[in-house]
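Have a look at this one before I ask anything.
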Amino acid sequence: VPGGLLHALEFGADGGGDVPPLLLLHGVTGHAWMWHDVAQRLSVSRRVIAYDLRGHGDSQWSANGRYNSEDHIADLEALADAMGLKRFSMAGLSWGALIGIGYAVRHPQRVERMAIIDVEPSFLADENAVLERPASFGSFDELLAWERNANPSSSDALLALFARHSVRPSEGGGWTRKHDPYFLRRWPFRRDDRWSELRSLRLPLVLINGERSFVREEVMKDMAACVPGAQFEVVNDTGHLIPLEAPDALAQRLARFLDASPY
C-alpha cells in the first residue's frame, strides 16, 4: 500500500456471495496472530483476514513516524482494494476499532457490519503517557512470563503463538519486540475523538467489553446507546486483550452477530 508493505493472514475460504469476508484489526503493540483462535473458528463459513498495522508485526515501519489513525485508515482503504474486499464486515480491538470506525464513516457502502471491541472513542491520557514496558527479553521464557502476567486467562498454546510472533531474535542473543520502538513511548490514537463519527454510523453494530478490562463499561454502554440498534455485551473473565484471553467466547458472540438477520 502507499504507506509501505502490510502483512496479512488469511483463514478459510470464500463463503460465497451471501457471506461477506471478515477483517480483523488489532490494537497498539499487537499483531494479527492474536486473532488466530478466533479466526480459525469463524473461518468455517467465511473468508477471514487479520493484518498487522503499519509499524507492527511483519508490516513495514514508517520511516518518518506516520502512525496517526488517519494514516492507518488510509492503509485500510488501500488494503481493502488490494485484497478485493468490495463489501465486508470488521471486528476491531482497541485502536483497531477506532481505525474501523473511521473507515466505516468514509465508506459506509462497503461495511456490512462491525464489532467494536474494548475501546473508548476519546481519551483523557496524553499520547506520551505510555506505561513502561520492556523492549527486549533475555529469553523466550522471560517473554512468556511477561505475557502470562498481562493475559492470565489465555491458553498456553495461544499465548506462546502470540508471544513468538511478537518478537524477533536480537543480535547477541535474546528477543526484541517486532513493533516499532516508537510505540514504547507514544500512542497517537489518544488524540482521537471518534464520538461524532460513532454517532453517525448506520449499520449493524455490537460493542464488546472485557469484564476485567480498564476500558469502562459505562462508557461502552453510552457508545451503544448513541447508535440505533447497537448491541452491548460483556465477556467474563478477560482483560483488554479479549481475542487472547477468551477466544471461544468472543468467537461465539461474533458468529451470532455476523450471522444475524439485518435490521
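Calculated FRET efficiency, Val234 and Asp141, Cβ-Cβ r, R0 41 Å, to nearest 0.05?
With a Förster radius of 41 Å, E is 0.80.
A further question on this structure: What does the charge dipole of the stretch 74-146 about its Cα centre add up to, to the nearest 20 debye, if the Cβ of each Lys and Arg holds +1 and the Cβ of each Asp and Glu holds -1?
Dipole about the Cα centre, nearest 20: 560 debye.
Okay, moving on. Give the value in nm², to one decimal: projected area of the alpha carbon convex hull of the stretch 67-110, averaged over all directions.
2.9
Specify, per residue and in Å³, the volume enclosed by the convex hull of the alpha carbon atoms belonging to the stretch 50-183.
In the stretch 50-183, the Cα convex hull volume per residue is 144 Å³.
What is the packing order of peptides 171-184, 69-82, taking the mean over residues of other C-beta atoms within 10 Å and listing the highest first?
69-82, 171-184
Now for a separate question. I'd like to check one number: the per residue accessible area of the chain, probe 1.4 Å, reported in Å² as a whole number.
It amounts to 43 Å² per residue over the chain.
Applying 1/(1 + (r/R0)^6) with R0 = 25 Å to the Cβ-Cβ distance of Glu112 and Asp156, what FRET efficiency is obtained, to the nearest 0.05?
Result of the calculation: an efficiency of 0.10.
Calculate the all-directions average of the projected area of the chain's alpha-carbon convex hull, and give it in nm².
With every direction weighted equally, the projected area is 13.1 nm².
In whole percent, how big is the carbon plus sulfur part of the accessible area of the chain, probe 1.4 Å, protein atoms only?
So the carbon and sulfur contribution to the accessible surface is 50 percent.
Right, another one. Angle between the Cα long axis of helix 95-106 and the longest principal axis of the chain, 0 to 90 degrees, nearest 10?
Once rounded, the angle reads 40 degrees.
As a test of the formula, what do you get for the chain when each DSSP H run with n ≥ 4 contributes -39,500 (n - 2.57) and the sum is divided by the residue count, at 222 nm and rounded to the nearest 500 deg cm²/dmol?
-9000 deg cm²/dmol
So, one more: Give the peptides 112-122, 147-157 in descending order of average Cβ contacts within 10 Å, highest first.
Highest mean packing first, the order is 112-122, 147-157.
Next up: Note down the Stokes-Einstein diffusion coefficient of the stretch 154-263 in µm²/s, whole number, using a Kirkwood radius over alpha carbon pairs, 20 °C, and 1.002 mPa s.
128
While we're here: Tell me, what is the FRET efficiency for Asn68 and Leu5 to the nearest 0.05, using R0 = 22 angstrom and their Cβ-Cβ distance as r?
The formula returns an efficiency of 0.70 here.
Please compute the Kirkwood hydrodynamic radius of the stretch 100-163 from all pairs of different C-alpha atoms, in Å with one decimal.
15.5 Å is the Kirkwood radius here.
The values are calculated or read from the model by the stated rules, or taken from the named source; none is laboratory data. For clarity, every value in this text was computed on a predicted model and none was experimentally measured. No Cβ is skipped: glycine too gets one built from the backbone with ideal geometry, and neighbour counts run over all protein chains shown. With ligands, DNA and RNA removed, areas are computed over all heavy atoms of the protein, side chains included. Shrake-Rupley method; radii C 1.70, N 1.55, O 1.52, S 1.80 Å.
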